[in-house]
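Everything below concerns the one structure shown next.
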């Protein structure tokens, strides 16, 4: 994580803990005022100095903290006030002063009333202080050194007061105050460490999530721009190439020499290859842009297989390969996108013929699932070709991927066919997969959901 991000998280952690402190401080002030009223009431009954001093102490405790309470409430209502580091530092100082004033008020009470009110009052006051200190830990622990100051101002005055009183019970109270202060401060230290760590981890998670979303948005935008560029360029290139194909075919039908015919056939083959690549790029661009939509028409699996075989038979016969079909009994007609289904299957069969030098290619169609309205078909193409190493196989269904560079040099191709088949299968509710063994052959499959005609009527 960059250093500036770490600094930002540290500052934000500090701010969040301070805001937690502020939210707790208003209720702490109210509770402190209630307890102060109780102590003042007891002091009125037990202290011999009259009523003026306890009432003046109570009023002072309440009035001195009012400006701090108003300031803290303002921050709670509008946390953006402490968004900056300088503003946060000023607010922390104000909050620290509030804690110190509150603690000092109790210091005054302890020195004034505990020394003159008798052992019973000191025991009562020690119990009240212990409860207040324990209650202050979860409220003040988020901001150091607030809790240390408050606990110190509560506990430390008890020790000299009890020692000066001189009774054995007072000594017990003094020792208890020391142990109490140590235990509370240790608990506060561990609790603060856990709170700081939890807050920091939460902020780091949010920061990472925001960065991930930003990166994802940039990636999606880049992918969209790429797809639009490829689509536009492919469209612009396709038109002149179609013209080249048309001109070459017209010239081949004319009076040309054998040498010219060979050159024209090369031009025609090269142009047809380019058209295939461009069509693949256009299809992939439409798929990635979410603009590829399936048409639902009546189709025949037999006709699709026959069409695929017609398209590859010349190359297969030229290499002496056997083409076989093995399919389950299927409905004569189904509903789906016959063009895209043909394209997906043809990509597999073309690859099988291209990478097979002897043996044959087998097309299998299996009924994998059958419902009242739909049927799931499993299309498989198996060959006895060169095969692919296991570590390379997983990449084949990604765009522009082939087994290795030597494959591209020897066999050509753009590496789009399998990626397009994967996307088309997913559009048809299916998936793709396969298995390959070098020197033995490959088996590629995809599944597709098709509707039954009677279900659509």
*Order of 229, 393 under a 10 Å beta carbon neighbour criterion, fewest first*: 229, 393
*Please work out the C-alpha center-to-center distance from segment 157-227 to segment 427-450 and express it in whole Å.*
55
*Rounded to the nearest 0.05, what FRET efficiency is calculated for residue 286 and residue 261 with R0 set to 60 Å and r the Cβ-Cβ distance?*
0.95
*Grab the beta carbon distance between residue 10 and residue 127, set R0 = 41 Å, and tell me the FRET efficiency rounded to 0.05.*
0.55
_Fewest-first ranking of 37, 162, using other Cβ atoms within 10 Å as the exposure measure_ = 37, 162
*Work out, step by step, the length gained on full extension between residue 253 and residue 73: first 0.36 nm times the residue separation, then minus their alpha carbon distance; give nm to one decimal.*
55.6 nm
*asked:* Could you work out how much longer the chain between residue 374 and residue 451 gets when fully extended? Use 0.36 nm per residue separation minus the Cα distance between them, nm to one decimal.
replied: 27.3 nm
*Which order do 257, 71, 98 fall in if you start with the one that has the fewest other Cβ atoms within 10 Å?*
257, 71, 98
*Expressed in nm to one decimal, what extension gain is obtained for the pair residue 178 and residue 232 from 0.36 nm per residue of sequence separation less their Cα-Cα distance?*
11.4 nm
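Coordinate-derived values only; no laboratory data. Computed from a predicted model, the values in this text were never measured in an experiment. Glycine also receives a Cβ, built like all others from the backbone with ideal geometry; neighbour counts cover every protein chain displayed.
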